[in-house]
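Throughout, read-outs are computed from the coordinates displayed, never taken from laboratory work. Given the structure is predicted, the values throughout are model-derived calculations rather than measurements. A quick note on method: Cβ atoms are made from the backbone with ideal geometry, for glycine too, and the neighbour counts reach across all protein chains shown.
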Amino acid sequence: MPFKRKTQDVGGSTRITVKEPAELMTFLLDKMGGMKRNAVKTLLSHRQVQVNGAVVTLYSTALNTGDVVEISSSRGNIELTHPKLKILYEDEAIVVVEKKEGLLTVITGAKDETTAFSILKNYVQKSNKRNRIYVVHRLDRETSGILMFAKSREVQHLLQQNWHTAITGRSYIAVVDGVVEKEHDTITSWLTENEKSLKIHSSDTDNGGQQATTHYKRIKHNESYSLLELNLETGRKNQIRVHMQSIGHPITGDKKYGSATSPLGRVALHARILEFYHPITEKIIRFETPVPRKFLSLFH
């Protein structure tokens, strides 16, 4: 098991195990003691129904034998609508979101700025002021893609302390400057941060920095750019950006690390896949987002 311990806290709800395949509406009408269709729809719209730990709002959701349906006695969070943040998954322990470029994960200074953290904090507190959100990992401001947050400090600690065993897949997609000659390769180096410039530097030899390993595969290319899939063994700060610069192919739009072009008006890096053991159920769950269309437009 990837976690040293686990906790489960369920209260104020009813759990029913599905005995045979059914549509959610039919199942709830049958199991909830004469409840009317409109009452079921109200439960769903108030996000009070979960299937296997995930909030469900569609009455036509298909249930399979063995699924666990949970009906909460209190309202859940209202649906989040924000142009920079989209919820992919939510249960009692975690929230998984897709972040757009230009949005910080969490505030880094004293200034007041909207972040993924502040958006989610406001979202969960709309249903209960005592609800909290905790940062598990981060994406750079100009990097888009999948982020996970915890709903309790205990779950946050479980994930952070067991990060390398809990995360079973972490894949990025990037456009880099120039033609990457090797179809696939592995980059390993030692990373150190300049305290004044806050820029990360890469060394091919052990200089006391943090060892970092990135695997990449070239998906397509033209005379100006290459589209790469990148998989991380380690999750160091700015790791992919520094490693791409170190092989002479900085990420397109990444002026900090050597790119001279910005055809997309952003750093062309996207956290596409996140797969991990759930901190409570310890089952593997996987999230995958499409390659950004802007990235593909450079290869048309």
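Contact map, segment 269-284: residues that are buried (at least 22 other Cβ atoms within 10 Å of the Cβ) paired with residues that are of a type in the set (K, R), Cβ distance under 9 Å, separation 6+ or inter-chain. Pairs shown: L269/R241; A271/K99; A271/R170; L274/R170; L274/R286; F276/R170; F276/R286; P279/K6.
Quick check, is I273 touching a Gly at 6+ places or on another chain (Cβ under 8 Å) and assigned to a strand (DSSP E or B)? Show your work before the answer.
Values: touching a Gly at 6+ places or on another chain (Cβ under 8 Å): yes; assigned to a strand (DSSP E or B): yes.
So I273 fits the description; yes.
Do we find a residue being among the hydroxyl-bearing types (S, T, Y) and over 21 Å from T252 (Cα atoms) anywhere in segment 169-184? Spell out the reasoning first.
The first filter runs over segment 169-184 and keeps only residues among the hydroxyl-bearing types (S, T, Y), leaving 171-172.
After this cut, where a residue has to be over 21 Å from T252 (Cα atoms) as well, the list is none.
Within segment 169-184, not a single residue is among the hydroxyl-bearing types (S, T, Y) and over 21 Å from T252 (Cα atoms).
In segment 243-260, is there at least one residue being among the charged types (D, E, K, R), touching a Gly at 6+ places or on another chain (Cβ under 9 Å) and touching a residue at least 60 places away in the same chain (Cβ under 8 Å)? Looking through segment 243-260, none of the residues is among the charged types (D, E, K, R), touching a Gly at 6+ places or on another chain (Cβ under 9 Å) and touching a residue at least 60 places away in the same chain (Cβ under 8 Å).
Would you be able to tell me the number of residues in segment 71-90 that are touching a residue at least 60 places away in the same chain (Cβ under 8 Å) and under 21 Å from H278 (Cβ atoms)? Residues flagged as touching a residue at least 60 places away in the same chain (Cβ under 8 Å) and under 21 Å from H278 (Cβ atoms) within segment 71-90 amount to 3.
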